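Below you'll find the structure, written out as structure tokens, and then a few comments.
Every read-out reported here was derived from the displayed coordinates using simple, explicitly stated rules and does not represent laboratory data. Please read these numbers as outputs of a predicted model, since none were measured by experiment. Heads up, the Cβs are rebuilt from the backbone with ideal geometry, glycines too, and the neighbour counts pull from every protein chain shown.
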Amino acid sequence: MTATQAFTARHQYARITARKARLVADQIRGRNANQALDHLQFLPQRAAAFYLKVLQSAIANASQDESVNLNNLFVSDCRADDGPMLNNRLRWRPGPQGRAMPYAKKTSHLTVEVSEREVVEEEAPKPKAKKKDKAAPKAEAPAEEAPVEEEVQEEAPVEEAPAEEEASQEEAPAEEAAPDAAAEEDGAEEDTADDDAADEEAADEDADNEKQES
């Protein structure tokens, strides 16, 4: 933020002491002009009325320049300087025991200066380059793992048996089944022959028994 041309207004020989006026001057110094006007209207000190008129005069002086934006004005300087005593002499009042007590009617010079505040575009600070720590050990890169080769077991191709072998394998069980059937038939015939022989023997025994009884 930079200040440009300043516009000044003064009130000389104000009937107030500089010490009392400085209490108000310190409160509006550096403020925005509009804020300072509002602040002075509500201050209880008597000096506020003096500074209110001086500040309005300074703003009026700035308004004479058409290039000035009144909304950007601020109080760049505000001071109270000592002035001479009224009529340049002391006043006297009667005191005790016939004495005379002097007193001074002091004056001051009030000054208000306003300036236009310009906004300067500030360049963004460049980022600082990070310093490399020499003492810090370098982090070792993790070793790359070797890719695991998946072994794919290939199934051995099933060889198809020729048709002749299949036919011979089918005929073999049929041939085995034929002798078994023949053996079963022979066994059944033997069983029937035995049964017949047993029946004949039983019949002969019955005949012999009947003869003996007769």
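The figures follow:
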read-out: Total formal charge among the other residues, if their Cβ is under 13 angstrom from that of Arg31, Lys/Arg +1 and Asp/Glu -1; value: -2
read-out: Difference of contour (0.36 nm per residue) and Cα-Cα distance, Asn69 to Asp82; value: 1.4 nm
read-out: Rounded to the nearest 20 debye, dipole of region 70-114 from Cβ charges on Lys, Arg, Asp, Glu; value: 560
read-out: Total charge dipole magnitude, region 2-118, about the Cα centre, Cβ charges on Lys, Arg, Asp, Glu only, Debye to nearest 20; value: 1180
read-out: Added length on full extension, which subtracts the Cα-Cα distance from 0.36 nm per residue, Asp208 to Lys20; value: 50.0 nm
read-out: Global geometry of region 2-118, whether rounded, prolate or oblate, following the gyration tensor of its Cα atoms and the 1.5 cut on a/c; value: prolate
read-out: Potential lengthening between Met101 and Arg89 on full extension [0.36 nm per residue; Cα-Cα distance subtracted]; value: 3.0 nm
read-out: Among Met101, Ala80, Gln41 the positive-end extreme of the charge dipole of region 2-118 (Cβ point charges); value: Met101
